[in-house]
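Worksheet for the structure shown next.
The values are calculated or read from the model by the stated rules, or taken from the named source; none is laboratory data. Note that this is a predicted model, so its numbers are computed, not measured. Note that we place each Cβ from the backbone using ideal geometry, even for glycine, and neighbour counts take in every protein chain shown. Side chains are part of the model used for accessible areas, which takes the heavy atoms of the whole protein and leaves out ligands, DNA and RNA. Shrake-Rupley method; radii C 1.70, N 1.55, O 1.52, S 1.80 Å.
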Amino acid sequence: MTIPKTPDKMLDNRKSRYFSSSRLKLHYSECGDLTAPPLLLLHGFRDHCRSWDWVAAKLQDRFHIIAPDLRGHGDSDWAIGGAYVLDDFVYDLYRMMEELSLPAVSIMAHSMGGAVALDFAGLFPHRVSRLLTIESTRRLERPEPPRQTVTEIASEWMDQLDRLAARPQRKYASVADAQKRLAGANPRLSSTQAHHLTVHGLHTNDDGSLSWKYDPYVRVRGPSRFDRAATKEIWGRTTCPLTLVHGTESGMGDVREKGLEHLFGQPDVVKIAGAGHWVHHDRFDEFMAVAQKALLG
């Protein structure tokens with residue numbers, strides 16, 4: 001597997017920029033050929049935009065690359081209030097494209113970012129030229145939950161908020177300590193990958209300790225505006241060429257096994273052997289071959 005050892009140095013034209021959405025100041029990283037077709041890179045849950053640096057280094061000659069930090073992640077503002085609803089991420093994506101005057105884009109997205117992208121592509125099919133998602137269909141992979149009363153839904157949501165309010169912030173004494181935690185949870189990462197993801201995923205607290213940049217409240221999911229039936233309808237509205245990628249050693253993302261492939265018409269479904277949930281990190285060369293085919297035809 002060929003991973004650039006210093007992705008920072010390979011992205012020498014990378015710029016940090018900001019846009020506004022729902023009173024939040026949201027960050028994105030921009031690099032590549034600004035005259036080329038735009039490509040959005042959307043990270044997953046508790047991740048950040050710099051997770052895409054290796055991918056961006058490979059594609060920057062062919063695309064104008066825009067990698068946002070989703071609300072509550074990276075260098076973007078944390079949400080006002082106590083919960084994160086997927087539909088709000090979709091609106092942020094719409095707002096960014098409007099502010100940057102992007103009529104249509106290609107999108108590559110991982111996990112939760114891919115769920116955002118799938119909804120966006122269904123709601124605004126004319127705004128997405130090509131779409132590749134990595135393990136992003138978990139909402140409908142899960143068994144149908146038992147029907148809850150309104151009281152049960154509200155109680156479960158508020159219990160989540162109460163538990164987080166009582167939970168102390170996790171702090172680390174050093175980058176090495178945080179990196180050990182990240183690597184332990186993701187054993188397929190190389191030390192270079194783990195260090196890069198850790199360094200760009202931390203901020204310094206007032207007492208000099210370190211904590212992850214993401215908002216702990218991203219763990220709280222408020223009741224979505226779209227139920228399972230609506231999600232199926234939205235995904236079925238996708239019209240762009242679509243590639244759905246799954247790692248064979250992951251416990252999620254296999255749309256054929258879960259019977260979800262038909263929702264998207266005729267997507268290109270790709271399994272990458274030896275990869276877990278972070279396919280683009282675990283099998284970089286194999287993933288990039290799939291990505292270039294999906295995005296460039």
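Counting only residues that are open to solvent by 80 Å² or more (accessible area, probe 1.4 Å), at pLDDT below 95 and not in a helix (DSSP H, G or I), region 149-176 holds 5 of them. The C-beta contact set for region 126-142 (first residue touching a residue at least 24 places away in the same chain (Cβ under 8 Å), second residue open to solvent by 60 Å² or more (accessible area, probe 1.4 Å) and not basic (Lys, Arg), distance under 6 angstrom, 6+ apart or interchain) comprises 130/241. Of the residues in region 210-221, at least one is under 24 Å from residue 72 (Cα atoms), among the small types (Gly, Ala, Ser) and at pLDDT 95 or above. For region 126-147, a residue qualifies if it is farther than 13 Å from residue 228 by Cβ, of a type in the set (S, T, N, Q) and in a loop (DSSP other than H, G, I, E, B), and exactly one does: 136.
Of all residues in region 177-200, those satisfying the criterion of being in a helix (DSSP H, G or I), open to solvent by less than 70 Å² (accessible area, probe 1.4 Å) and closer than 24 Å to residue 10 by Cα are 179, 182, 183, 192, 193, 194, 196, 197, 198, 199. Out of 262, 246, 203, 277, one residue alone is within 17 Å of residue 142 (Cα to Cα) and loosely packed, with under 14 Cβ neighbours inside 10 Å. It is 262. When residues in region 257-286 are screened for being outside any strand (DSSP E or B), of a type outside the set (D, E, K, R) and either within 23 Å of residue 239 (Cα to Cα) or touching a Leu at 6+ places or on another chain (Cβ under 8 Å) (or both), 10 of them pass. Pairs linking a residue in region 36-50 that is on the phi > 0 side of the Ramachandran plot to a residue that is open to solvent by 10 Å² or more (accessible area, probe 1.4 Å), with Cβ atoms under 8 Å and 6 or more positions apart or on different chains, are 46/212; 46/214.
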